[in-house]
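Down below is the structure, laid out as structure tokens.
The values are calculated or read from the model by the stated rules, or taken from the named source; none is laboratory data. Here the structure is a predicted model, which is why all the values come from computation and not from measurement. So basically every Cβ, Gly included, is an ideal-geometry build from the backbone, and we count neighbours across all protein chains shown.
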Amino acid sequence: MNQKRYHIGQEADMVPQMKSQELRGDLEILKTNDIKPNYSALAKEYGMDRHTVAKYWKEGGIRMSPIERETPFDTYFEEIKEKAESTCCTKKALYKYFQNKYGMDVFHCYSTFTHYLQRKEIRRKIEMKVHLRYETEPGQQLQLDWKEDLKTVLTTGEVIEYNLFVATFGYSRYHYYIYSKTRREAKAADHR
């Protein structure tokens, strides 16, 4: 169970506005008559937890808000915010960057770091790279590629060196390969 320390803050918005006002009015009447309320009965009547009603009674209908504690990340807040907004990278990459820079003693838990980013509303710069896909009619597009000095090691340990010509047809995505041991042979294949 996650328990937080609270201090007295703003008026409570713990229940819908009308019920909250009615509950505060009933609690005020009970307080002026020095009558301790039945928390369970009031909770049923107003559709809330009895512990919430008890908190209303003890704090006079004032909402208790959590205390903002200092975290080890606060000393690096400006740098974290600047990095997150200036570079396009993942939260994990940001975490690893600061972990390498300041060490494991401060940046020791990734989930704590992401929670800190969320709580402080630090947003990463996100660039969406749109790659529009377009289709062509048959015979309209051919993509050519030439790879030189490729090496493949066989299971016997033998190393084969070769060059490769690759043609990809745009419509069918069919690949056509021409294998060549030397560059001269490939050039001759290009001219056929």
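When T52, T90, T114 are checked against the criterion of being under 26 Å from E28 (Cβ atoms), free of Cβ contacts under 8 Å to residues at least 40 places away in the same chain and of a type in the set (V, I, T), T52 stands alone in meeting it.
When E11, E70 are screened for being at pLDDT 85 or above and among the charged types (D, E, K, R), only E70 passes. When residues in segment 78-106 are screened for being part of a helix (DSSP H, G or I) and within 14 Å of R123 (Cβ to Cβ), 9 of them pass. In the set (1) more than 30 Å from Y177 (Cβ to Cβ); (2) hydroxyl-bearing (S, T, Y); (3) not assigned by TED's automatic domain parsing to the domain that holds T32, the condition left unmet by Y134 is number (1). Can you tell me which of (1) loosely packed, with under 12 Cβ neighbours inside 10 Å; (2) more than 23 Å from the chain's Cα centre (by Cα) is the one V130 doesn't meet? The number of the failed condition is (2).
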